[in-house]
1. Once fully extended, how much extra length lies between Asp192 and Asn789, figured as 0.36 nm per residue of separation less the alpha-carbon to alpha-carbon distance?
2. Counting only residues 5 or more places away or on other chains, whose amide H sits under 5 Å from the amide H of Gly596 once H atoms are built in the peptide plane?
3. How much solvent-accessible surface does Tyr369 expose, in Å² to the nearest 10, with a 1.4 Å probe and all protein chains in place?
4. For segment 471-596, take every pair of Cα atoms, bin their distances at 10 Å starting from 0, and report each bin as a whole percent.
5. Cα gyration tensor of segment 163-218, axes a ≥ b ≥ c as square roots of the eigenvalues: rounded (a/c below 1.5), prolate (a/b > b/c) or oblate?
6. Where nothing but the Cβ of Lys and Arg (+1) and of Asp and Glu (-1) is charged, how large is the charge dipole of segment 1-145 around its Cα centre, in debye to the nearest 20?
7. Asp542 versus Thr185, label points 7 Å from Cα toward the beta carbon: distance in nm?
8. Normalised radius of gyration for the chain, please: alpha carbon Rg relative to 2.2 N^0.38 Å, two decimal places.
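The values are calculated or read from the model by the stated rules, or taken from the named source; none is laboratory data. The shown structure was predicted, so the numbers you read here are calculated from the model rather than taken from an experiment. Cβ placement follows ideal geometry from the backbone for every residue including glycine, while neighbour counts extend to all protein chains displayed. Only protein heavy atoms, including side chains, enter the accessible area calculation; ligands, DNA and RNA are left aside. Shrake-Rupley method; radii C 1.70, N 1.55, O 1.52, S 1.80 Å.
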Amino acid sequence: MIDLSRVSWKLAVSDPGAFEAAASDHAWDFVPAKVPGTAAAALSEAGRYDPENPEPLHDRDIWFETWFEAEPGAYRLCMDGLATVAEVYLNGTEILSSRNMFRKFDVPVDLADRNRIQICFRSLEPYLNGKGPRARWKPQLATSQGLRLIRTTLLGHMPGWCPEIHAVGPYRPIRLYRADAVRVTEKRILADLAPDGSAALTVAVTLENTSQVPVLHCAGASIEMSAQDDGSFSATLQPESVVPWMPHTHGNPALYDVTLAVGGLILSLGKTGFRRLEIDHGPDGKGFGLKVNGISVFCRGAVWTNADLLDLSGERETYRPLLQAARDAGLNMLRIGGTMVYETRAFFELCDELGILVWQDFQFANYDYPVKDEAFVEEVQAEIRDQLTESQGCPSLAVLCGGSEIYQQGAMMGLPESRWKGPLCEELLPQLGMTHRPDVPYAPNSPYGGVLPFSPNEGVAHYYGVGAYLRPLEDARRANVRFAAECLAFSNIPQQKSLDEALNAKPGHDPRWKARIPRDRGAGWDFEDVRDHYLKTLYGVDPVALRYGDPDRYLDLGRAVTGDVMEKTFAEWRRKGSSCHGALVWTFQDLALGAGWGLIDAMGRPKPAYYALKRAFRPLQVCLTDEGTNGLSIHVINDRPEAKTVTVSLSCLKDGRVPVVSGQKTVVLEPHSAHELNAVDLIGAFFDVTYAYRFGPPSHDVTVVRLQDSETGEVLADAFHFPDMPDHHPQSGEIQGELQQDETGKWRLAITSDRLLTSVHVACDSHVPEDDWFHLAPARQKLISLDPNSDAEADRPNCRITALNSRQGFTAG
């Protein structure tokens, strides 16, 4: 195999159509490039393109070129992704033409001892301006209506959503294989787990250049495969005593190698996990939830954007830090939305290992696609075949979906269902999904269901009642959400360190700041306005006056409030009596540095909102809901497969430090269970914990509930309830911090205070704290692990501890 990422590439830019074929006598102005990669990344590296102020790339032709040596003979040239209108030349002869960014190609070629490959990426502009079948609706999401006619990503075409960096280039690997090499050309892998726990692995493969009968191996078992009439081989293997694959929140994501023995060769088919997926529509048939191996899983996570917008990298090392951060925060599902790109097998393999479920939208969004065009349909069929072959055997792939907001867009334009519900999502895509991944359930679109496809009380919702539509927090229950494939979009402010390094602009009307605030195209508001609304209603401050008078405190309160809203909303959705079976926050990571939607900023650092969700997503969890005159409900959740005996304790504090009333209760949590208690169950008598009856002034200002392991005393989770607005006004109080080092050399920070602290922030240049922007009860020590940055030089951390309601800080180091 010749990996063409290991040879030198270069690129040049020309006027559109300046060269109709490969030109060898032109004086090209080349710059170095890499494959896989993009023109934007190469030009940026050469100092000819500014990602902060991107210029259009779709109005010109871009040529990639490489020379390489090979042993002369017959080969297969495999190209996994060319964005978008591409012509491939080998030694001056055109061997491929493509108009689909999402296709994979396998082309027979003959090589000389020295060879040249040229790939011309033609200007996309003529295609975007081209005419096609008349659209029944025209969305405002992207800049060109022509995007519905050409199979390319919407990334780079959505102003207000992401930087306008155009995807151009061979963004996926290019490899050469000897034509006579033994290889797998087609494969189907189905790893199933029956309700009785028995496992079955069904594999079908097509092999080239061998007459040997392959033997399938997996999980300590093997079977000789049977030849089929079409020349393929198939077999069903039934290994014994396998560990089922489960999302990491609910069990062990166990994986097993799948290999073929072909004569003396061992061919890897990757790893697989045995699991069974079902959609649970609930007793009324209107719900949407996921069962894995018969166990209901509350899917919590976020919508994935892209790990590297400039380069569109699909490498394992690019994905790993982000996916590891997702797992560490308790996310058990990521959705690849229809406005993004298909990710590589490396993405799915990491999700397999980490126990993260993947909701995969096919790459269709908002538009009225020309499904009566036979050529378009043929491209879609080939695209879906290529992409679903990529993830064969990957147990993390959990939902296939017909796309994003197609139904919603048509319905919001006032069209009847017969106009917006069509054969693309109802016939073509589900048939392809059933053919290539029959183990994965299908949702026709996101959102769908209900009297209108965007009604949150049936099927799959994009829920922005709390959020963009400025509804009170109670709407999260009133809306009767069943499953939110998108929700809770806020302008989440990054840590100050990231702003200091990459965005030296104050909040407000500085154009550099405002340019990084997400907005819907054509709207008269942005998502900073949404954050400010909740800052005013939940914290009782005037965001305009605060931003003007104290911009740093405005940022800190803004950092706290979006996380606060998310924690409260997920507490509502995860309670035992909730109709909701899953919710995915919009979005997981930012594509530009600023107060974007993401939980992770564009420098890869967790934002305060990330830590809020890390607390909200704990598998062993306690959360609170204010039920008014019914008191304070305490929800205790055990997602884990093991039973757990826990102690739930409650303390109501006055002035943030003086206990007024307290109580506790021991609870046995069965595996995969949830319990609801009332504060009275712990106190043993009436006490107006929620201050609903208002008999005189409030007797307390905060209730602290703690969940502990009854055997070890370990604190598993805690939760805080404020009967009125939380008091973030700075007050006097003592903060103490002490650095400790365990026997492995890992640093921890022990924090205590003599009064309640709100939104405690740990700033540490050389290390990343395990938790941040948390509330801290008085006279209780909180131990926080500190993980070194990849570029950390200091052996001993130096940490600054502050809190929103404290005049003093503390430095530990």
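1. Working: separation 597, 0.36 × 597 = 214.92 nm, distance 4.03 nm.
Going from the current span to full extension adds 210.9 nm.
2. Residues meeting the criterion, in which the H sits 1.01 Å from N, are Asn492.
3. 20 Å²
4. Computed distribution, short to long bins: 12, 42, 32, 13, 1.
5. Numbers: a/c = 5.04, a/b = 1.34, b/c = 3.77.
Oblate, since a/c reaches 1.5 and b/c is not below a/b.
6. Numbers: 16 positive and 21 negative charges, 165 e Å.
Here the size comes out at about 800 debye.
7. 7.5 nm
8. On the way: Rg = 28.0 Å, N = 813, 2.2 N^0.38 = 28.1 Å.
Computed over Cα atoms of the chain, the ratio equals 1.00.
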